Amino acid sequence: MRVARLHGIGDLRLATEPDPSPQPGHTLVQVQAVGLCGSDLHWFHGGGIGDAALDHPLVLGHEFAGLALDGPHAGSLVAVDPAIPCTTCRMCLAGHRNLCPTVRFAGHGTNDGALR
């Protein structure tokens, strides 16, 4: 798979990497569109955003859509919610995953995004 990975401020490198393997309960999506937003620009121009700093190569892109390749939506075009809640905290268990206090995001920190 082709990947655009940020290695440092202004240092975006294209490479070929192995296809990812989805975790249990996740779906592999063949990315067909990615929107770049202000946070991606902060990563590229400043090496971070807020209190998160680039300390390892990162694939940007958290606004994306594509084709679901497996799981219950296989074959469907999907828009992806980039939030990755813990699923075990009180808020997640109550059905409020959007309020998870330890939510992570694709294309931020240690979680690769969709420019791949």
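The values are calculated or read from the model by the stated rules, or taken from the named source; none is laboratory data. Only a predicted model underlies this, so the values are computations on that prediction, with no experimental measurement involved. Virtual Cβ from ideal backbone geometry, glycine too; neighbours counted across all protein chains shown. For the accessible areas, the whole protein counts, side chains as well, though only heavy atoms, and no ligand, DNA or RNA atoms are used. Shrake-Rupley method; radii C 1.70, N 1.55, O 1.52, S 1.80 Å.
Things to note:
- Split the accessible area of the chain by element, probe 1.4 Å, and carbon with sulfur accounts for 56%.
- Neighbour cut-off at most 11 other Cβ (10 Å), DSSP loop, chymotrypsin sites (Phe, Trp or Tyr not before Pro), the stretch 32-96: none
- Pairs of alpha carbons in the chain whose separation is greater than 20 Å (percent): 46 percent
- Taking amide H positions as modeled 1.01 Å from N, with prolines and chain starts lacking one, the residues under 5 Å from G48 and 5 or more places away or on another chain are W43, L54.
- Solution diffusion estimate, µm²/s, Stokes-Einstein, the stretch 32-94, Kirkwood Rh from C-alpha pairs, 37 °C, viscosity 0.692 mPa s: 231 µm²/s
- For R5, net neighbour charge (Lys/Arg +1, Asp/Glu -1) across residues whose Cβ lies under 11 Å away: 0
- Solvent-accessible surface (1.4 Å probe) assigned to T16 amounts to roughly 100 Å².
- Candidate residues E63, E17: accessible-area rank, largest first, probe 1.4 Å: E63, E17
- Scalar couplings 3J(HN,Hα) for the stretch 74-91, obtained by applying the Karplus form with A = 6.51, B = -1.76, C = 1.60 to θ = phi - 60°, are 3, x, 9, 6, 9, 9, 9, 7, x, 6, 10, x, 6, 6, 10, 6, 4, 5 Hz; x denotes Gly and Pro.
- Of H62, H42, the order by accessible heavy-atom surface (1.4 Å probe, DNA, RNA and ligands excluded), from most exposed downward, is H42, H62.
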